[in-house]
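A.B. asks: One structure is given below, represented as structure tokens, and several questions about it will come after.
The values are calculated or read from the model by the stated rules, or taken from the named source; none is laboratory data. Quantities reported herein were computed from a predicted structural model and do not represent experimental measurements. Cβ: placed from backbone, ideal geometry, glycine included. Neighbour counts: every protein chain shown. Side chains included, ligands, DNA and RNA excluded: accessible areas come from the protein's heavy atoms. Shrake-Rupley method; radii C 1.70, N 1.55, O 1.52, S 1.80 Å.
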Amino acid sequence: MDEQHIGRTLADWFPERRRDLPWRRNPTPYRVWISEIMLQQTQIERVIPFFEAWMERLPTIRHAADADRETLLKLWEGLGYYNRVINIHRTARLLRDEHGGNMPADHSGLLALPGIGPYTAGAIMSLAYNEPHPAVDANAERTLSRVFDIEEPIKASATQKHLRHKAAELIPPGRARELNQALMEHGALVCLPRDPRCRECPVPGACLARKRGVAEMRPNKGPSRSITYLEAVVGVLVHEGRIFVQKRPEGGLMPGLWEFPGGKLRKDEAPEEGLEREMREELNIGIRLGQPLAEVRHSYTSFRVLLRAYFCSPATDPEAIRLTAASESRWVEPARLQDFSFPAANRRLVAKLSALTPDEIADLLRA
Ligand code: SF4
């Protein structure tokens with residue numbers, strides 16, 4: 001089977017197994033763009049409600065451009081990797097101001113936009129405009145690395161280039177939209193990481209890795225990434241029944257999100273000791289320590305965090321607070337915390353806090 005034959009077979013197979021996903025119903029460049037950014041590092045089932053809520057609130061590029069940052073962050077809350085949504089906002093404003101509110105219909109024009117790399121540009125070109133550009137996501141990578149038995153580490157830039165080249169060769173004339181989705185769907189539903197369903201595969205005879213008995217060894221993921229383990233502590237600072245939150249500054253990680261003050265524990269530092277230090281460093285105040293609120297474990301791509309949260313109250317006049325790690329702060333009633341956008345680990349604390357009555361919080365302030 002040559003490349004064109006494999007490509008046609010996969011494109012013909014796609015309608016049989018095509019899942020009905022909201023962004024596939026009306027694949028405009030805007031809808032493809034937003035869905036592809038949401039789908040980075042996130043599973044399809046999880047993305048669907050976020051995508052539907054986003055499109056209901058911000059149905060066009062102009063709506064996304066005209067909305068304020070807080071609105072976009074709130075719609076994104078829970079998807080993580082917040083730089084993605086900040087880039088969407090920047091790009092939407094650039095498209096409104098310089099492109100008449102439309103996405104460019106050329107690959108290099110798309111690549112010039114913030115947050116759009118070769119994969120997303122290829123996805124918009126092929127899925128929205130049906131132009132012959134490759135779009136190789138992790139699922140398509142798996143199928144391609146097996147069909148062509150690609151041994152080299154999959155994330156190496158030379159391998160990525162080779163994969164895009166092979167994917168481009170498969171595109172039958174006028175069928176880029178079908179072929180690219182077929183590759184993704186085939187990897188997601190048939191060519192599974194373990195126990196690939198080769199009996200359901202439309203191209204088993206063309207699969208070199210299967211023929212050589214090495215399918216499960218592809219793709220070659222290279223050396224495994226080392227994971228760093230961190231411990232952190234945050235303070236739920238309470239004064240007159242309201243809780244202190246601060247906003248992360250521009251230019252750092254997760255800018256514009258709200259959080260409880262605190263930070264990483266130093267080596268051999270007790271959580272209570274670390275919290276008092278963090279409050280002095282971040283807010284310039286001393287505290288009276290209360291009861292623990294919760295321990296939350298959270299995983300990021302290359303590190304794991306154990307976050308401990310404690311109730312506390314200012315030991316001095318709260319007017320003395322001076323922010324050193326935030327752009328602004330608020331004192332918020334527990335029931336209103338849900339109105340703010342928090343990173344994932346803090347959001348789990350918010351869920352616990354929102355359920356507490358003022359009397360329960362007063363009790364928990366007692367050490
Ligand atoms: Fe994947 Fe099996 Fe098909 Fe090869 S034959 S592409 S391993 S499903």
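A.B. asks: Explain nothing, just the number: relative contact order of segment 138-264, from Cα pairs under 8 Å at least 6 residues apart, as a whole percent.
C.D. replies: Value for segment 138-264: 28 percent.
A.B. asks: Rg over Rh of segment 1-57, using C-alpha atoms and the Kirkwood radius, what does it come to?
C.D. replies: Result: Rg/Rh = 1.10.
A.B. asks: Tell me the per residue accessible area of the chain using a 1.4 Å probe; a whole number in Å² is fine.
C.D. replies: Here the residues of the chain average 49 Å² of exposed surface.
A.B. asks: For the pair Gln4 and Arg297, what calculated FRET efficiency results from E = 1/(1 + (r/R0)^6), where r is the Cβ-Cβ distance and R0 = 51 Å, to the nearest 0.05?
C.D. replies: In this case the efficiency is close to 0.55.
A.B. asks: Also, I was wondering about something else. Round to the nearest 0.05 the FRET efficiency obtained for Asp359 and Asn284 when R0 = 25 Å and r is the Cβ-Cβ distance.
C.D. replies: It comes out at approximately 0.25.
A.B. asks: Another question, if that's okay. Of Lys166/Lys211; Lys161/Lys211; Lys221/Lys264; Lys166/Lys221; Lys161/Lys221, which pairs sit farther than 22 Å apart, going by alpha carbon to alpha carbon?
C.D. replies: Lys161/Lys211; Lys221/Lys264
A.B. asks: Another question about this same structure. Determine which aspartates and glutamates satisfy two conditions relative to Lys267: a Cα distance under 12 Å, and not lying fewer than 8 residues away in the same chain.
C.D. replies: The reachable aspartates and glutamates, counting only those whose Cα sits under 12 Å from Lys267, are Glu231.
A.B. asks: While we're here: With the Cα gyration tensor of segment 225-288 giving a ≥ b ≥ c as the square roots of its eigenvalues, does the rule (a/c under 1.5 for rounded; else a/b larger than b/c for prolate; else oblate) give rounded, prolate or oblate?
C.D. replies: It is oblate, given that a/c is not under 1.5 and a/b is not larger than b/c.
A.B. asks: Could you give me the radius of gyration and the Dmax of segment 155-269, taking only the C-alpha atoms into account and expressing both in angstrom?
C.D. replies: Cα-based Rg and Dmax for segment 155-269 come out at 24.3, 72 Å.
A.B. asks: Explain nothing, just the number: dipole magnitude of segment 1-92 about its Cα centre with +1 on each Lys and Arg Cβ and -1 on each Asp and Glu Cβ, in debye rounded to the nearest 20.
C.D. replies: 140 debye
A.B. asks: Can you tell me the order of 295-305, 204-214 when each peptide is scored by its average per-residue count of other Cβ atoms within 10 angstrom, highest first?
C.D. replies: Top to bottom by mean Cβ count within 10 Å: 204-214, 295-305.
A.B. asks: What's the extension gain from Arg19 to Glu200 if we count 0.36 nm per residue and subtract their Cα-Cα distance?
C.D. replies: 63.6 nm
A.B. asks: What spacing in nm lies between the two simple spin-label points modelled at Ala158 and Asn83, each 7 Å away from Cα in the Cβ direction?
C.D. replies: Going by the 7 Å Cα→Cβ label model, 2.7 nm.
A.B. asks: If you stretched the chain out fully between Glu131 and Ser108, how much longer would it get, using 0.36 nm times the residue separation minus the C-alpha to C-alpha distance?
C.D. replies: So the chain would gain 7.0 nm between Glu131 and Ser108.
A.B. asks: Looking at the chain only, what percent of DSSP beta bridges run antiparallel? Nearest 5 please.
C.D. replies: Restricted to the chain, the bridges split so that about 70 percent are antiparallel.
A.B. asks: How many nm separate the modelled label positions at Arg69 and Leu230, each set 7 Å beyond the Cα in the direction of the Cβ?
C.D. replies: Between Arg69 and Leu230, the simple spin-label model gives 2.0 nm.
A.B. asks: Using just the C-alpha positions of the chain as equal point scatterers, what log10 of I(q)/I(0) does the Debye formula give at each q in 0.14 1/Å?
C.D. replies: -1.12
A.B. asks: Would you list, by chain and number, the lysines whose Cα falls below 22 Å from the Cα of Lys74, excluding same-chain residues fewer than 8 positions away?
C.D. replies: Within the straight-line limit of under 22 Å, Lys74 reaches these lysines: Lys247, Lys352.
A.B. asks: Give the residue from Pro132, Pro173, Val203 lying farthest towards the positive end of the charge dipole for segment 121-227; charges sit on Cβ (+1 for Lys and Arg, -1 for Asp and Glu) and the dipole is referred to the Cα centre.
C.D. replies: In segment 121-227, that residue is Val203.
A.B. asks: To the nearest 20 Debye, how big is the dipole of segment 170-229 about its Cα centre, given +1 on the beta carbon of each Lys and Arg and -1 on that of each Asp and Glu?
C.D. replies: Dipole about the Cα centre, nearest 20: 200 debye.
A.B. asks: Share of segment 111-244's accessible area from carbon and sulfur, percent, 1.4 Å?
C.D. replies: The value for segment 111-244 is 51 percent carbon and sulfur by accessible area.
A.B. asks: Now for a different question. For segment 46-155, max minus min Cα coordinate along each principal axis, in Å, sorted largest first?
C.D. replies: Sorted from largest, the Cα extents of segment 46-155 read 47, 31, 21 Å.
A.B. asks: Using Cα-Cα distances under 8 Å and only pairs 6 or more residues apart, what relative contact order does the chain have, in percent?
C.D. replies: 16 percent
A.B. asks: Is segment 261-352 rounded, prolate or oblate when judged by the Cα gyration tensor, a ≥ b ≥ c being the square roots of its eigenvalues, rounded requiring a/c under 1.5 and prolate requiring a/b larger than b/c?
C.D. replies: Oblate is the answer for segment 261-352, as a/c is 1.5 or above yet b/c matches or exceeds a/b.
A.B. asks: Would you calculate the convex hull of the Cα atoms in segment 190-348 and tell me its volume per residue in Å³?
C.D. replies: Cα convex hull per residue, to the nearest whole number: 181 Å³.
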